[in-house]
Amino acid sequence: MNEAARQVRETSRDRRARETRSALLEAAYEVFCEQGFAASSLDAIAARAGFTRGALYKNFASKDELFLELAETRADAMFDEWRAVNSEDTADNGGRAVGSWLAEAIRNQGAWFLANAEFTLATARNPELAERHRTAFKQANRELGALLRRFGGQEDRFGGQEDDDDAIGLMAMALVDGLILQAMIDPNLDVAGHLATGLERLVQGA
């Protein structure tokens, strides 16, 4: 086999591997949303994706690892959406824009938020898993904190320091997580209004 043919074969293999991994993640999202984290089985996820359990284990060592990668992937997508909100809205209505985004996300992805909350509680009993999850949380908090300072026009005041982003993001994420759980209990909750008010006061008072 010449070098060019070998490279084509490797590229094709890599493509199939990516497609398999993507299909498993998509199936995992569906099953976790339907059944929750604890009740979901790897067999059900593999079957939903159309693969064997062995194929799943070639990509993910455990259900925890599978969920964590899925959560990280979806968090990245979420912040891409939030950055788009930031680029389209002014500081005056940025909090409202984020609140409206979250209200829509809860309507469309409420089951995922619940599964994610369940997984977060489970990681507290697994120090190794908690460390990786904690790292992802810190990155998310910093991203959210920087975003909110831009909404509020606070870059100059805080000097863009990472510690400030961490603190603001941590408080804002606590507000978001709390509203998500409250909205699951009370579907009539004004998520957009409460989140807008909370974020604006958080940034203005920081």
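Residues of region 94-138 that are under 16 Å from the mean Cα position of the chain (by Cα), among the small types (G, A, S) and closer than 23 Å to S40 by Cα: A105, G110, A111, A115, A117, A130, A136. Of the residues making up region 182-196, those that are β-branched (V, I, T) and not in a helix (DSSP H, G or I) number 0.
The residues in region 9-35 that are open to solvent by less than 90 Å² (accessible area, probe 1.4 Å), over 13 Å from F51 (Cα atoms) and at pLDDT 95 or above can be counted, and the count is 6. Each residue in region 36-67 was checked for being in contact with an Asp or Glu (Cβ under 9 Å, 6 or more places away or on another chain), outside any helix (DSSP H, G or I) and surrounded by fewer than 18 Cβ atoms within 10 Å (Cβ to Cβ), and 2 pass. Selection of region 30-88 for residues being of a type in the set (V, I, T) and more than 15 Å from the chain's Cα centre (by Cα) yields V31, I45, T52, V85.
The values are calculated or read from the model by the stated rules, or taken from the named source; none is laboratory data. Since the structure is predicted, the reported quantities are computational estimates derived from the model, not experimental observations. Here the Cβ is made from the backbone with ideal geometry for all residues, glycine too, and neighbour counts use every protein chain on show. Areas reflect the complete protein model, heavy atoms only, side chains present, ligands, DNA and RNA absent. Shrake-Rupley method; radii C 1.70, N 1.55, O 1.52, S 1.80 Å.
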